[in-house]
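What follows draws every value from the coordinates through simple rules; no lab data is involved. The model shown is predicted, which means the values in this text are computed figures rather than measured ones. Cβ coordinates were reconstructed from backbone atoms using ideal geometry, including for glycine residues, and neighbour counts include every protein chain displayed.
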Amino acid sequence: MSPPELKRVAVAEPTRRSYLGWLLGLCTAGAGVALSVPLIRFLLYPLRARTTEVKWSDAGAVSDFASLTGPVQRSITVEQVDGWRKTVSDKIVYITKSSSGELEVLSAVCPHLGCSVQWRDSKHGFECPCHAASFRPDGSITGGPAPRAMDTLQTQIQNGRLMVRYQYFRQLVATKEVFG
Ligand code: FES
């Protein structure tokens, strides 16, 4: 009995030209990856960046508030950066003094449903025109449907200026929760 016939399979020998082609392809792919990394990082920056970065706003010279006897209204310019988008808007705040005599800045946004709270000299207190929530000069609540006191904003003093970090807080909740 004769042994089974073995088929010969031709295996192409790597040539110098195919080796160079393979090396060139590898280099091109490597260069493509290296170049795409900064591009991908650039495109993904808005997703990775902290959303809604709020810059500090100037509320005026600290000396202007030295003899404060009641809350004063100020319009501050607020710059917000959200990814690629930058918005600048004016917001109303009240500069007041806490019970311990420290300068405080109150947001004019009512913690009930967001109407603009106003200072009433005649009542020596704040009042919301929408559903009549009322607050003391330091922002603590005296009546109406608002679930908490007026919101205090973060402050710092830089070169004699009172700086404010404007933020939005969740409405209709008893605790102060930042949402923007
Ligand atoms: S929005 Fe201010 S009391 Fe309702």
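If you rank Ile141, Ile95, Ile157 by fewest surrounding Cβ atoms within 10 Å, what's the result?
The most exposed by this proxy come first: Ile157, Ile141, Ile95.
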Built amide H within the under 5 Å cut-off of Gly144, gap 5+
Ser134
Under the Kirkwood approximation for Rh and a Cα-based Rg, what ratio Rg/Rh is obtained for the range 91-169?
0.97
Under the Karplus relation with 6.51, -1.76 and 1.60 and θ = phi - 60°, whole-Hz ³J(HN,Hα) for the range 135-140, x at Gly and Pro, equal 9, 6, x, 8, x, 6
